[in-house]
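Let me begin by presenting the structure, written as structure tokens, before commenting on it.
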Amino acid sequence: MIKKLFSRVLFKEWLIFALLFTVCLVFAFRLNFGGEKPRGAGVFASDKSIYYVYLPATFIYGWDVNKFPPHCDTLYRGFILNYRTGKVVNKMTCGVALMWTPFFLATHAVVKSFGLPADGFSLPYQKMAVVPPVFFLILGLFFLRRFLTFYFSPPVTWFTILFILAGTNLCYFGLAEGLMSHVHSFFIFALYLYVLKRFFDGGARSLKLFALISIAVALATLVRPTNLLILSWFFLLDAKNLREVGKRFGFFFRPRILLIFLVACFLIFLPQMLYWKYVSGSFIHYSYGREGFSNWNHPAILPLWFSPFNGLFLYTPLALFFVAGSIMMVIRRRPNGWLLLLTFAAVTYISASWHMWYFGSSLGSRPFVEYYAVFAPGFAFVAEMVFRRRSILIRSLFLLVMVACSYYNLRLTYSSYWYTGSVWDWDEFRNRLEMAGIVDFSRKRYTFVNDFENISFDPAVVQSELRCRSRGRSCLLDSRYPGLELFSRNMCRITDNPPWKVSASLWISPFTPDPTGAMLVAVITDNRGQACFSDTVPVGRFPVRAGTWTEIRQSFSVPPWLRSPEYFLKLSLLNPRHRTFFVDDVRMEFQ
């Protein structure tokens, strides 16, 4: 009788996850394709191509740069085809590609059998790229629920995983940006936690489970090197005191146990070491070049949490409940409360110390996404406390907040708005909310700020930390480029009515005492690109000195006949003499 009941429950569980997989897959295809053929780089654009290129390079092109489609690396803007050395240069590790291998090989076989373009980048491969992230997303939620059942009731576990999916940017990185590493790490984390809990609750320590734990840690690290942090959970999960932590260290460093761990790590990292040997001549290689943790001494913690530029709590307010739950677990002396808080602090410090703490123009702070599996007990603890309350009002308010967080998150997920502002550009954030259909603001005035923390793909923008006026970056213009476009937007997207007055300012610091000859230029063009109005302010008019910052200002009124939504406004800084100087803190006010 019990076995029959268990079989029914298990069947219903798999049925629910199968339905969830189907729904997520449909939404993922709509987000990535919308019924149309993707343009340009499609789903493989930018960093995503770096994770993916290992597969076509290995199984189609044999790591021969001359066999790749012409200008392939220029199109995708991720990996580099170095024709001088004949190497495919890739900074990311191959963990994601390793997990995708079965999906890629199946797709490649089907493509070849039907005589379709088997180049690894054509439409069938792009369609395939939507499936693995959704698969690992749902599988991660499955193992996360299994892990949570060790601590919480079934209703709480279901409530937790459904709102973590709907109310956080895990949804975005599983459905819209699935080729990034985060949803894959999320799956590995959830599997790791489930196996780890079984390992410690099983009485006799199973070597098979420990081998699986070792594989999970190694694969998570290969997917994203900072994921090595989860190894700490082996020593701290459910640990009651320091004596138990010491016992786990003693167990881990037993020769046979340590050998299993090292062998697993070696086998998982072997493909990566072979690639490093191919590209650098050494089995161990730091592929990120000058990129690194340059903010160790001044981590950008507040921007990481609250900035309009991908702030964690601003884009994923539900994450506040992760932290609140962890604090409540500590107060109530529940197991793992301190572990959750310490993990959150460690992830915050590591992420805020990375040279690009905002991690590109993503939806929220993406380094936290994989750790939602780790922080889930904190959220579940809050839900459990609320559900135990007899007050219908408290339960209803909590559910309403969860639904609101989910609505907010899903609207942002469906918006393809690319954030172009700076660290504290609140007007640009309001634009993002408006473009997502969340709220409609009255925009009589608008302020655009660019402090060059937001790295542009414009090749004229050379990011420099040598000299900056604010935060850690400024823009360096030199003899390689004639100028820099500061702002370009349709007049109707600036304010409710086309602006009648524009005030622009920026700070300049010449590298040498020679006059820069730079010019601040405003141009209004029609929809054909024809200039209808221009205004120029020579920078040389201002007393600019080498090694010091000088503010340059320009204000102009838009002629009445040009105040129409069909016109475009462009502001640029021209460098006709090809001098070398720094630019920082561009600010534009529109009325």
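Each Lys and Arg contributes +1 and each Asp and Glu -1, all at the Cβ; summed about the Cα centre of the chain, the dipole is approximately 1920 debye. Listed by chain and number, the aspartates and glutamates placed with their C-alpha closer than 19 angstrom to that of LYS444 are ASP425, ASP427, GLU428, GLU434, ASP496, GLU566, GLU589; residues fewer than eight positions away on the same chain are left out.
Computed log10 I(q)/I(0) for the chain at 0.06, 0.07, 0.10, 0.12 Å⁻¹: -0.37, -0.50, -1.00, -1.34, from the Debye equation with unit scatterers placed on every C-alpha and solvent omitted. Give the lysines whose C-alpha is closer than 27 Å to that of LYS48, dropping any in the same chain fewer than 8 places away, or say none. Those lysines meeting the cut-off are LYS37, LYS67, LYS87, LYS91, LYS112, LYS127, LYS277. Close amide H partners of VAL558, meaning residues 5 or more places away or on another chain with modelled amide H under 5 Å apart, are LYS501, VAL502.
At an R0 of 22 angstrom, the distance between the Cβ atoms of TRP500 and MET435 translates into a FRET efficiency of 0.40.
Can you give the extra length, in nm with one decimal, that the chain gains between PHE293 and PHE200 once fully stretched, where that is 0.36 nm per residue apart less the Cα-Cα distance? Mind dumping the intermediate values first?
Values: separation 93, 0.36 × 93 = 33.48 nm, distance 3.46 nm.
Result: 30.0 nm gained on full extension.
Under the convention that each Lys and Arg Cβ holds +1 and each Asp and Glu Cβ holds -1, the size of the dipole of region 37-129 around its Cα centre is about 140 debye. Note on ASP238, ASP496, ASP451, ASP585: ascending count of other Cβ atoms within 10 Å places them as ASP496, ASP238, ASP585, ASP451, the fewest first.
Taking only the alpha-carbon atoms of region 167-293, what semi-axes of the equivalent ellipsoid follow from 5 times the gyration tensor eigenvalues under a square root, in whole Å, largest first? Mind dumping the intermediate values first?
On the way: eigenvalues 154, 89, 36 Å².
Computed over region 167-293, the values are 28, 21, 13 Å.
Relative to the dominant Cα principal axis of the chain, helix 154-167 is inclined by about 20°.
If R0 is 30 Å, what FRET efficiency do you get for LEU15 and PHE150 from their C-beta distance, rounded to 0.05? Don't skip to the answer; put the middle values down first.
Numbers: r = 23 Å, r/R0 = 0.75.
With a Förster radius of 30 Å, E is 0.85.
Shape verdict for region 331-446, please, from the Cα gyration tensor: rounded (a/c under 1.5), prolate (a/b greater than b/c) or oblate. Because a/c hits 1.5 or more and a/b fails to exceed b/c, region 331-446 counts as oblate.
Test of understanding: ordering PHE17, PHE147 by Cβ neighbours within 10 Å, fewest first, what list do you get? Present the calculation step by step, with values, prior to reporting the outcome.
Details: PHE17 16, PHE147 25.
Ordered from fewest to most neighbouring Cβ atoms within 10 Å, PHE17, PHE147 come out as PHE17, PHE147.
Candidates MET99, PHE186, PHE17 compared by Cα position along the dipole of the chain: farthest toward the positive end lies PHE17, with charges placed on Cβ.
In this simple spin-label model, placing a label point 7 Å from the Cα along the Cα-to-Cβ direction at both ALA346 and LYS91 gives a separation of 2.5 nm. The label point for HIS285 and the one for ARG248, both projected 7 Å from the Cα toward the Cβ, are 3.6 nm apart. Between ARG445 and SER555, the contour length at 0.36 nm per residue exceeds the Cα-Cα span by 38.1 nm.
Centroid-to-centroid, using Cα positions, region 187-220 and region 316-375 are 22 Å apart.
Packing around the peptides 87-98, 519-530, taken as the average count of other Cβ atoms within 10 Å per residue, puts them in this order, highest first: 87-98, 519-530.
Can you give the net charge of the other residues whose Cβ lies under 10 Å from the Cβ of PHE152, counting K and R as +1 and D and E as -1?
Working: positive: ARG145; negative: GLU384.
Within the 10 Å Cβ shell, the charges total 0.
Here's the list of lysines a cross-link from LYS240 could span, going by alpha-carbon distance under 27 Å and ignoring same-chain residues fewer than 8 apart: LYS197, LYS208.
Taking the fewest neighbouring Cβ atoms within 10 Å as the starting point, the ordered list for THR58, THR168 is THR58, THR168. Projected over all directions and averaged, the alpha-carbon convex hull of region 256-336 occupies 10.1 nm². Here region 109-185 is treated as a Stokes sphere of Kirkwood radius computed over C-alpha pairs; at 20 °C and 1.002 mPa s its diffusion coefficient rounds to 151 µm²/s. By the Kirkwood approach, averaging reciprocal distances over each pair of separate Cα atoms, region 479-539 gets a hydrodynamic radius of 14.1 Å. Taking θ as phi - 60° and the Karplus parameters 6.51, -1.76 and 1.60, the scalar couplings of region 226-232 work out to 5, 5, 4, 4, 5, 4, 4 Hz in sequence order, x denoting glycine and proline. Mean residue ellipticity, 222 nm, helices only, the chain: the sum of -39500 (n - 2.57) across DSSP H runs of n ≥ 4, divided by residue count and rounded to 500, is -15000 deg cm²/dmol. With q set to 0.12 Å⁻¹, the log10 of I(q)/I(0) for region 130-242, from the Debye formula over equal scatterers at the Cα positions, is -0.44.
In the distance distribution for region 37-129, Cα-Cα pairs more than 21 Å apart total 25 percent. Using R0 = 25 Å, the C-beta based FRET efficiency linking VAL26 and TYR407 works out to 0.85. Between LYS240 and HIS578, the modelled label-to-label distance comes to 7.5 nm, taking each label 7 Å out from Cα in the direction of the beta carbon.
Per-residue extension of 0.36 nm, minus the Cα-Cα distance of SER564 and ILE392, leaves a gain of 56.6 nm for this segment.
Laboratory data are not the source of any read-out in this text; all were calculated from the coordinates shown. These numbers come from a predicted model, not from an experiment. Glycine also receives a Cβ, built like all others from the backbone with ideal geometry; neighbour counts cover every protein chain displayed.
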